[in-house]
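The values are calculated or read from the model by the stated rules, or taken from the named source; none is laboratory data. These figures come from a predicted structure and were not determined experimentally. Every residue, glycine among them, receives a Cβ derived from its backbone with ideal geometry; neighbour counts consider all protein chains shown.
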Amino acid sequence: MDYKAFRQEIRAWLEANCPVSMRTPAKQEEQVWGGRHIKFPSADAKLWFERCVDKGYCVPDWPVEYGGAGFDAEQTRIFKSEMRKLGCRPPQVNLGIWMAGPAILEFGTEEQKREHLPKIARGEIRWCQGYSEPGAGSDLAGLQTRAVEDGDDFIINGSKIWTSYADESDWIYCLVRTNPDAPKRDGITFLLFDMASPGVEAKPIELITGERHFCQTFFDNVRVPKKNALGKINEGWTVAKRVLEFERNMMSDLGNETGSNVEPREAAAHYLGKDSAGRISDPVLRDAIARHDVQKLAFDVTQQRMIDEFTNGAGNMNTALIFKYCGTEEEKRKYELLLKIMGEQGLGWRDHSHFSEVELNTTLEWMGAKTHTIAGGTSEIQLNIIAKRALGLPGVLS
Amino acid sequence: MALAFNEEQRSLKDTARDFAQSQSPIEAFRSLRDSKPADGFSADVWNAMIELGWSGMIYPESCGGFDFGCMGLAGCFEEFGRSLVASPLLSSVVLAGSTVLFAGSEEQKTTLLPQVVSGEKRLALAVDEGFHHDPSGIACAAIAEGSTFILNGSKTRVIDGTGADLFVVAARTAGQPGEQQGISLFLLDASTPGVRIYPVSLVDSRSYVHLVLENACIPASRLLGELHNGFAALDKALDRGRACLAAEMFGGMQEIFERTVQYLKERKQFGVLIGTFQALQHRAAHMYTEIEMCKSILMLALDALEKDAANAPQLISAAKAKISDTYELVSNEATQMHGGIGVTDELDIGLFLKRARVSAALLGSARFHYNRFATLEGY
């Protein structure tokens, strides 16, 4: 494979096909979520989406027969880096792309792959995740939503919580208890089903940010064919853990991928000013900014360090265990720092006459960052995992 | 970027580990501390280190070295840090020798550096004058007088100054303390009249001296590099030293972290291993993440240093700052988690705790380096 030529080819295609208006970071309302009720914020967004779907670029590393572009790992890396260089927006965001799809690719039957993957790649179905329950948060394996066998079907009763966008999603991948008598991890099944099934109801929950995309989802005698289980019945925990890894990897990148992208050092120049020597005039915050920058620098190169270590034959997978914890905790500290730098200008609430768009967004990101150290396994759960797997400490709760 | 040691560097690092464990384990440092040799290190160990080539790694062949690079040497420092190996590798070879390399004339380099590499001559770098590292704050005066310079002033905490043959002295020939311009570098013979050497005891039991210079007369031929323009070479040499010291600290923090995790798996209270307590599990896991971050920033700094990248100075500051802070965290937690035994002299943790604080202060504290990082980054 001539990767140099490949890079040229990708660059040329992006230059020619990505509309200029799609080369800036997308605000939340500008993201294109796939699904039966797909909406486009602009004609360019639709064009960009359609061009990418044609080439399989919504899921570049998936096999061509399932709607991907069939890229190998290096090609995918090049593709993403060229996308970043040009600032191209993702053509489609979807839990199907990040989580359901990769899980189906790894655990699905041929029939399941053919049924679900092309629809994700083409943005026809939007997925949501049914994991947490009101009584099963950090202790996820303690989940109680029941699936009782009835002929070729399961009958599902129970409730899920923090199901993002459940009210706008078409399908759900959902953890259900199929054997209440087995040890808690051995009685769970990973089920895929249509949110339009009778008996499914999603109710949005308002968060401190004012957003309403988290839902509580209720299942009242929902009938799901048994063949919709991904992986074996009662062995869903294996699939669930793998999906959590996908989720954590994705979340450890949140500090880079989303947000107002305001850098503390730049904000400081504006909100605090500089002294005659060009230094940020508040020495305490200047020190805090340097600490943030150094921590971020260290975090940002850790992935590359791991790759280099493996290339040189001395890698350690345990390093990967730190990403979710370090990435989301650092993001949280970054926004606390930004608020200190912005002073009262960082505390506006929906007041567009006194606060800029960027300021209001930064304030919302500050609140939003609180969810990231909770969702996908809290920081405390991440520390449990590190204590157990990297340090081999005894008696870790899990 | 190469953020991992290559095979050659790794094999050298393994040699350093074997050497440290067999020739200079912590017990050796302990007996050194108790027997208090004047120079602060074992001549036998140092000679063996020279024999194994560590003193020549960062010098070109023309200077008696074999040009292996700072990254490889830093890997060895990491291993030496694990068993608190005391030697003049940092003071004579990395700090003072590099100052000669970056500032000296061809003749000065090719005459003196081979002697440093062979151990025939031992150098020490005299920079700081106050309570804190401050290489631009130099006040010690050098005044030209005929074909000589007359030095007056004092220098604090010169590393391994006892028994050094020559001091590389940074002195002010123009400008005011605080200015980088006006600093010049000199080679000062330790036996020069007017040079008084006072040993200073620090908690880490290594060798330090205060120097008092009273009309010490240096021939003009002993000026290193250009008059008034010594700062750049000095700072570059200091950066090599900061990177190697950071690597040593990184080795020390890993050693006590591993010992602490091991202790959590052995010590029982309330009838169970204390490692089963979540209060301790989470603190240990948090330390693990911080140590991983230290490794990333250290490798980034070493890579930049090796390539002589334009941003190497700020990355080295980033590494020294982050590692100093983390070593403080890890050494405090190691002491605390060992409980009562943690504050006894019998346990080795205390030796690392003391070295952690001295090495954090030497060549710039976390505060110094976060400030330097911000300045170099333009804010």
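Within segment A:55-75, being of a type in the set (D, E, K, R) and farther than 15 Å from residue A:10 by Cβ holds for one residue alone: A:65.
Of B:11, B:31, B:24, B:35, all but one fail to be in contact (Cβ under 8 Å) with a residue 12 or more places away in the chain and not assigned by TED's automatic domain parsing to the domain that holds residue B:302; the exception is B:24. Of the helices (runs of 4 or more DSSP H) lying entirely inside segment B:1-72, the ones with 1 or more residues being within 14 Å of another protein chain (Cβ to nearest Cβ) are found at B:7-23. Residues in segment B:235-260 that are more than 18 Å from residue B:354 (Cβ to Cβ) and surrounded by fewer than 22 Cβ atoms within 10 Å (Cβ to Cβ): B:235, B:236, B:258. Residues of segment B:131-159 being free of Cβ contacts under 8 Å to residues at least 40 places away in the same chain and touching a strand residue (DSSP E or B) at 6+ places or on another chain (Cβ under 7 Å), which ones? Residues satisfying the conditions are B:139, B:141, B:143. Here residue A:126 fulfils each of the conditions (1) surrounded by fewer than 17 Cβ atoms within 10 Å (Cβ to Cβ); (2) modelled with pLDDT of 95 or more; (3) not β-branched (Val, Ile, Thr) apart from (1). Selection of strands (runs of 3 or more DSSP E) fully inside segment A:185-296 by the criterion of at least 3 residues being surrounded by 17 or more Cβ atoms within 10 Å (Cβ to Cβ) returns A:188-194, A:214-225. The set of residues in segment B:323-356 that are surrounded by fewer than 20 Cβ atoms within 10 Å (Cβ to Cβ) and of a type in the set (Lys, Arg) contains only B:354. Within segment B:108-153, the set of residues being hydroxyl-bearing (Ser, Thr, Tyr) and more than 21 Å from the chain's Cα centre (by Cα) comprises B:110, B:111, B:147, B:148. Selection of segment A:346-355 for residues being surrounded by fewer than 19 Cβ atoms within 10 Å (Cβ to Cβ) and under 30 Å from residue A:298 (Cα atoms) yields only A:347.
If residue A:348 satisfies every condition in (1) out of contact with any Leu (no Cβ under 6 Å at 6 or more places or on another chain); (2) modelled with pLDDT of 95 or more; (3) more than 10 Å from every other protein chain (Cβ to nearest Cβ) but one, which is the exception? Unmet condition: (1).
For residue B:301, state whether it is of a type in the set (A, V, I, L, M, F, W, C) and more than 26 Å from residue B:159 (Cβ to Cβ). So residue B:301 fails the test. Residue-level analysis places residue A:322 outside the set of residues that are touching a His at 6+ places or on another chain (Cβ under 9 Å), at the interface with another protein chain (Cβ under 7 Å from one of its Cβ atoms), assigned to a helix (DSSP H, G or I) and β-branched (Val, Ile, Thr). Looking only at segment B:296-323, residues that are more than 11 Å from chain A (Cβ to nearest Cβ), touching a residue at least 40 places away in the same chain (Cβ under 8 Å) and either closer than 17 Å to residue B:366 by Cβ or out of contact with any helix residue (DSSP H, G or I) (no Cβ under 9 Å at 6 or more places or on another chain) (or both) come to 2 in all. Scanning segment A:24-35 for residues being surrounded by 15 or more Cβ atoms within 10 Å (Cβ to Cβ) and not small (Gly, Ala, Ser) gives a total of 4. If the condition is being outside any loop (DSSP other than H, G, I, E, B) and under 18 Å from residue B:204 (Cα atoms), then segment B:77-120 contributes B:77, B:78, B:79, B:80, B:81, B:82, B:89, B:90, B:91. Out of A:238, A:217, A:258, I need the residue that is at pLDDT below 95 and among the polar types (S, T, N, Q). Which one? Checking each option against the conditions leaves just A:258. Looking across segment B:232-291 at every residue that is within 12 Å of chain A (Cβ to nearest Cβ) and of a type in the set (S, T, N, Q), the one that is nearest to residue B:352 (Cα to Cα) is identified as B:260.
Residues that are more than 9 Å from chain B (Cβ to nearest Cβ), within 23 Å of residue A:211 (Cβ to Cβ), surrounded by fewer than 20 Cβ atoms within 10 Å (Cβ to Cβ) and charged (D, E, K, R) do not occur anywhere in segment A:374-392. If you go through segment B:328-379 one residue at a time, how many are in a loop (DSSP other than H, G, I, E, B), away from chain A (no Cβ under 14 Å) and either among the hydrophobic types (A, V, I, L, M, F, W, C) or in contact (Cβ under 8 Å) with a residue 12 or more places away in the chain (or both)? Qualifying residue count, segment B:328-379: 5.
Only one of the listed residues (A:373, A:311) is polar (S, T, N, Q) and modelled with pLDDT of 95 or more. That residue is A:373. Might you let me know whether segment A:262-280 holds any residue that is closer than 19 Å to residue A:372 by Cα, more than 14 Å from chain B (Cβ to nearest Cβ) and within 27 Å of the chain's Cα centre (by Cα)? Yes, some residue in segment A:262-280 is closer than 19 Å to residue A:372 by Cα, more than 14 Å from chain B (Cβ to nearest Cβ) and within 27 Å of the chain's Cα centre (by Cα). Among the conditions (1) surrounded by 15 or more Cβ atoms within 10 Å (Cβ to Cβ); (2) out of contact with any Ser or Thr (no Cβ under 6 Å at 6 or more places or on another chain), residue A:160 misses just one, which is (2).
For residues that are at the interface with chain B (Cβ under 7 Å from one of its Cβ atoms) and charged (D, E, K, R), scanning just segment A:281-292, find the one that is nearest to residue A:328 (Cα to Cα). Checked segment A:281-292; the qualifying residue nearest to residue A:328 (Cα to Cα) is A:291. When A:371, A:362, A:378, A:328 are checked against the criterion of being in contact with a helix residue (DSSP H, G or I) (Cβ under 6 Å, 6 or more places away or on another chain), of a type in the set (S, T, N, Q), over 27 Å from residue B:254 (Cβ atoms) and in contact (Cβ under 8 Å) with a residue 60 or more places away in the chain, A:362 stands alone in meeting it. Please work out if residue B:26 is of a type in the set (A, V, I, L, M) and under 18 Å from the mean Cα position of the chain (by Cα). No; evaluated as a whole, the condition is false for this residue. Say whether the condition of being of a type in the set (Gly, Ala, Ser), more than 16 Å from residue A:263 (Cβ to Cβ) and surrounded by fewer than 16 Cβ atoms within 10 Å (Cβ to Cβ) is met by at least one residue in segment A:314-333. There is at least one residue in segment A:314-333 that is of a type in the set (Gly, Ala, Ser), more than 16 Å from residue A:263 (Cβ to Cβ) and surrounded by fewer than 16 Cβ atoms within 10 Å (Cβ to Cβ). In segment A:108-178, counting only strands (runs of 3 or more DSSP E) that sit wholly within it, none holds 3 or more residues that are without any contact (Cβ under 8 Å) to a residue 12 or more places away in the chain and more than 17 Å from residue A:197 (Cα to Cα).
Among the numbered conditions (1) at pLDDT below 95; (2) away from chain B (no Cβ under 11 Å), the only one that residue A:343 does not meet is (1).
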